[in-house]
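The values are calculated or read from the model by the stated rules, or taken from the named source; none is laboratory data. Everything quoted here is computed from the prediction, not taken from an experiment. Neighbour counts are summed over all protein chains in view; Cβ atoms, including those assigned to glycine, are modelled from backbone coordinates with ideal geometry.
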Amino acid sequence: MNEIIEALTKAVSDACRRHPSVPTGPGGPGEGPAWNAELWSALDDIGVLLLPVPEDRGGAGGDLATTVGVLEVLGAESAAVPFGENALLAGWLLSECGAEIPGGVMTAAVAGAELGISRAGDDLVLDGRIARVPWGRCADHLVVLAGRNVMLLHPGQYEIHHGANLAGEPRDDVVFETASIGDAQIRPLRDDSPVDDESFAARTALVRAALMAGAARRAFELSTAYASERQQFGRSINRFQTVQQYLAAMAGEVLLCKVSAEAAAAALDRDAEHGGSAATAAMVAVSAAASTVARTAHQVHGAIGFTEEHSLRSSTTRIWSWRDEGGGAGTRAAQLGARVVGTGADGLWPSLTV
Amino acid sequence: MSGPSAVRAAKNFLDLDPVELPAELEELRREVRAFLHDEIESGRVTPHVDQWLAGWDPAFSRRLGERGWLGMTYPRQYGGSDAGALARFVVTEELLAAGAPVAAHWIADRQSGQALLNFGTEEQREAFLPRIARGEVFFAIGMSEPDTGSDLASVRTRGTRVDGGWQIRGTKIWTSGAHHADAMIALIRTEAPTENRHAGLTQVIVELPDPTVEVRGVRLLTGEHHFNEVVFKDTFVPDARVLGKPGAGWSQVTSELGNERSGPERILSTLPLLVEAMRWIAESGTQVSPARLGELYARLWALRQMSLAVAGRLQLGEDPAVSASIVKDLGTQFEGSLIDAVREMVDVEPDYASAHALPRMLAEAVLHSPGFTLRGGTNEILRGIVTKAVGSA
């Protein structure tokens, strides 16, 4: 880890400690967690909200490797802020259009099949919905990728139907009823922009992989701590070889998560096309590894970890949500597998060393 | 072995960053691929599974030596190419992925030469390293004994002080390639055991063959002869063939482990089987579960990134023993799970004697699979190392 990333992640980590994200119930609709406005403002003070956005577009000009370092911390802290959506997705889409990036909280989505888009004069008219938009209700701006256009939408133009993931993070349906979108809100992508649905999915995968890497690390830390405190048969349970083997196996998966997420970020920094495959591979690998960590962490914790009062659930319910979000691990694995079949036997190994 | 960073790496197992290979190594990769393509097309090499144990081919090793692809981490003064751990990583992963016969030089190139560089005398380095780098001298490792497996500090092979050296008596076992090797680095006890079990152990270089060293084959369950039992019957080892300091054997041996445990051979032993399965799937038009294949591929991608990251630490002169243990634990499990994934995808019966590549490789992989998670320290022992390092025991 270089010194810049180290200093930045420490600052973010300190901010998370000062402004902890309160765990909430495993909410159904309407029971989302407190949106952590204090943490958001602290992150703004640190200057990371648009970390990977180019400086000439108002960002900090950081690379994805650095951004992933921040995401890992936020994942570990179960931070209730849409940092990935704001910095890696919405900020990216707008900067790829050369558009001004507005102040306030942004989230991002792809238009998708449930959103009807028609033209009325110079305006566009939106009907239908975009399902399960992360942090939709908290956003001052919703940035939507629609083909070669990017739309900058505002809360007055849509309704929010509350939804939540297993951790209670907002995953809201955004509903449009003949919403008229003026020319000023529509920006075409630069002609040479690599942005498309696939690259959006790759970045989403990177965000989820990095967050899961952080959450898996926290679940592991909680497990080692608990195993050293919990006494049974007259000694702490980490004196038992079975528990030790569990902890070591978790450590391996946690390391795999970290290296995968960071390697994918570096690959995307280097080359958007091959980096996309790396991000997909990382997301699939991290999903499986983090799932193993979550399962083992609960086994180590026993019944207490299965309760609302214990903070382990903040990490594990996030892993169980994030692995299936924005194009879940199963879908992405199938994409990877289809690509491997397409590449053929002699292309298998070369595709791994790109 | 830079002291402070090694300590830092050991304290925090998460202190492992991904490595991007420099562009010039891609040129090296292309050269190795072209060479291997030629070797396979010409029929000099037939791809097999687990070739770093089973593929003993001195002529192939010499051809690698001629190209400067052995001893890549050794300084030029000892016949190496001083190309570094990452360059070596690229060459070795290409050789393994192709299923090329690398067993003859594997131990010498990876481990024995590195130990000679770290602890050997000038005379020892000059005597062995240039020949290792040319693929002319092969080594075996003498660690396990009939009563000493995972508990390595319990070795009982004794070295008794005699005029001008040590007289050795005892038995080593599971010694891969000792029947072909030109030398063996053995860990022996040169002082009576004390409370400190790690004290009094010494590494010695035993040159082979030697009339006082009996090498008996121990056949694998396939009937193949790779393992040996090696009996020292008052074998004389001159002082000039003691490696490093008498009594410092334990710390010397454990410092090799980062090298021994993290390499691509802990991930790729069965990869040629997957490649062959993909060929079979394409030719037969078999439908496979893309998700299952994708999961396997993603895990492989991730493990390779980890192994590469450890090579990056080695390149910096660090000893990433804990992350190396993790790579070996996860990587060798992957080598086995690859077999099961292939079995799910293709309807082929394993057949050791088959003229077709896929049934033969499936047989090789299945029958060699018990070794993956045993050799180089059982995975349970590795997890013990990890547990200690994460401060939870």
>> Looking at B:LEU314, B:LEU293, can you tell me which residue is surrounded by fewer than 24 Cβ atoms within 10 Å (Cβ to Cβ), under 28 Å from A:LEU206 (Cβ atoms) and of a type outside the set (Val, Ile, Thr)?
In response: B:LEU314
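If I ask for residues that are charged (D, E, K, R) and under 11 Å from B:LEU382 (Cβ atoms), which ones from the range B:306-350 would you list?
Of all residues in the range B:306-350, those charged (D, E, K, R) come to B:313, B:318-319, B:328-329, B:335, B:340, B:343-344, B:347, B:349.
Result: B:LYS328, B:ASP329.
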>> Filter the range A:254-291 down to the residues that are at the interface with chain B (Cβ under 8 Å from one of its Cβ atoms), of a type outside the set (Gly, Ala, Ser) and more than 15 Å from the chain's Cα centre (by Cα) and list them by number.
In response: A:VAL254, A:LEU255, A:LEU256, A:VAL259, A:ARG270
>> Which count do you get for residues in the range B:10-50 that are within 12 Å of another protein chain (Cβ to nearest Cβ) and part of a helix (DSSP H, G or I)?
In response: 11
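State all residues of the range A:173-211 that are in contact (Cβ under 8 Å) with a residue 60 or more places away in the chain and of a type in the set (A, V, I, L, M); if no residue qualifies, say none.
So the first thing to find is which residues in the range A:173-211 are in contact (Cβ under 8 Å) with a residue 60 or more places away in the chain, and the list is A:174, A:176, A:180, A:182-183, A:186-190, A:193-195, A:197-211.
A:VAL174, A:ILE186, A:LEU189, A:VAL195, A:ALA201, A:ALA202, A:ALA205, A:LEU206, A:VAL207, A:ALA209, A:ALA210, A:LEU211, listed by residue number.
Only one of these is within 14 Å of chain B (Cβ to nearest Cβ) and surrounded by 19 or more Cβ atoms within 10 Å (Cβ to Cβ): A:GLY214, A:GLY163, A:GLY168. Name it.
Details: A:GLY163 fails: within 14 Å of chain B (Cβ to nearest Cβ); A:GLY168 fails: within 14 Å of chain B (Cβ to nearest Cβ).
A:GLY214 is the lone residue from the list that is within 14 Å of chain B (Cβ to nearest Cβ) and surrounded by 19 or more Cβ atoms within 10 Å (Cβ to Cβ).
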> In the range B:1-28, which residues are at pLDDT 50 or above, farther than 22 Å from A:GLU262 by Cβ and surrounded by fewer than 18 Cβ atoms within 10 Å (Cβ to Cβ)?
Replying inline: B:GLU24, B:GLU27
> What's the number of the condition A:SER223 fails, among (1) buried (at least 24 other Cβ atoms within 10 Å of the Cβ); (2) at the interface with chain B (Cβ under 8 Å from one of its Cβ atoms); (3) closer than 19 Å to B:ASN12 by Cβ; (4) not acidic (Asp, Glu)?
Replying inline: (2)
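Could you list all residues from the range A:326-346 that are among the hydrophobic types (A, V, I, L, M, F, W, C), free of Cβ contacts under 8 Å to residues at least 12 places away in the same chain and more than 7 Å from chain B (Cβ to nearest Cβ)? Lay out the reasoning, then the answer.
Going through the range A:326-346, the residues among the hydrophobic types (A, V, I, L, M, F, W, C) turn out to be A:329, A:333-334, A:336, A:338, A:340-341, A:345.
Keeping just the survivors that are free of Cβ contacts under 8 Å to residues at least 12 places away in the same chain gives A:334, A:338, A:340-341, A:345.
If the condition is that a residue be among the hydrophobic types (A, V, I, L, M, F, W, C), free of Cβ contacts under 8 Å to residues at least 12 places away in the same chain and more than 7 Å from chain B (Cβ to nearest Cβ), then no residue fits.
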> So which residues in the range A:79-98 are over 11 Å from the mean Cα position of the chain (by Cα) and of a type outside the set (A, V, I, L, M), if there are any at all?
Replying inline: A:GLY91, A:TRP92, A:SER95, A:GLU96, A:CYS97, A:GLY98
> Mind checking which residues of the range B:313-370 are closer than 29 Å to B:GLN111 by Cβ and acidic (Asp, Glu)?
Replying inline: B:GLU318, B:ASP319, B:ASP329, B:GLU335, B:GLU364
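Which helices (runs of 4 or more DSSP H) does the range B:178-285 wholly contain that include 1 or more residues that are without any contact (Cβ under 8 Å) to a residue 24 or more places away in the chain, within 14 Å of another protein chain (Cβ to nearest Cβ) and surrounded by fewer than 16 Cβ atoms within 10 Å (Cβ to Cβ)? Before you say what the answer is, go through the steps one by one.
Working: elements: B:249-255, B:257-262, B:271-284.
Answer list for the range B:178-285: B:271-284.
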> Which helices (runs of 4 or more DSSP H) does the range B:305-393 wholly contain that include 1 or more residues that are under 18 Å from the mean Cα position of the chain (by Cα) and within 12 Å of chain A (Cβ to nearest Cβ)?
Replying inline: B:321-345, B:379-389
> Is there any pair linking a residue in the range A:145-159 that is closer than 16 Å to A:VAL105 by Cα to one that is among the polar types (S, T, N, Q) and at pLDDT 95 or above, with Cβ under 6 Å and at least six apart or on different chains, and which?
Replying inline: A:MET151/A:GLN185; A:LEU152/A:GLN185
